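*Asks:* My questions will all concern the structure given below.
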Amino acid sequence: MPDIGPLGSEVTCSIIRMGGPPSQLIQQTMTWTLPGFDGHGFLHTGKVPGTFRASCVLFGLEAAVDAWFINMQSLAGGVSVINDDWLKLHTPVVIHQVSARLLKTKALGPGYDTRGAVDVLGVRIQ
């Protein structure tokens, strides 16, 4: 199953959809102009991490989904590994933000009475 989190304490999800893979480090360039001088200046300042967004969903009983929301919120600010729906490993990433509860619905069928969903925002660090 798809999971997200630090090695050894991953949070399991029913679905993890990446909004595109975390990009490789990208070159950052600063540009400027000065009054009284013709042209532009630029400086390559190094490589910065690319951002990503992942949508995470869990189907389960209501108590399990409530605990899942709490566990997902605890991932913010840490280095994590993401194993998505296609069993593709995205590592290492830093999770900047886990959204509030995007969705919590009931009455989905036997064994799965609740669906919970959150969005995860972060950056690739290598």
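Readers should treat all values here as calculations from the given coordinates under stated rules, not as data from a laboratory. Remember, predicted model here, so these are calculated numbers, not experimental data. Cβ sites come from the backbone with ideal geometry, for glycine too, and all protein chains shown count toward neighbours.
*Asks:* Mind telling me which of Val81, Val93, Val48 comes out most flexible in a GNM of the chain, alpha-carbon contacts under 10 Å?
*Replies:* Most flexible of the set in this elastic network: Val48.
*Asks:* Taking the Cα of Lys106, stepping 7 Å toward and past its beta carbon, and measuring to each backbone N in the range 69-88: which are under 20 Å?
*Replies:* 69-70
*Asks:* Also: Once both labels are modelled 7 Å past Cα along the beta-carbon direction, what's the Ile26-Leu121 spacing in nm?
*Replies:* Reported label-point gap for Ile26 and Leu121 is 1.6 nm.
*Asks:* Another question, then. Mind checking the angle between helix 62-73 and the chain's longest principal axis? C-alpha axes, 0 to 90 degrees, to the nearest 10.
*Replies:* That helix lies at roughly 20 degrees to the long axis.
*Asks:* While we're looking at this one, here's another question. From largest to smallest, what semi-axes in whole angstrom does the chain give when each is the square root of 5 times an eigenvalue of its alpha carbon gyration tensor?
*Replies:* 39, 15, 11
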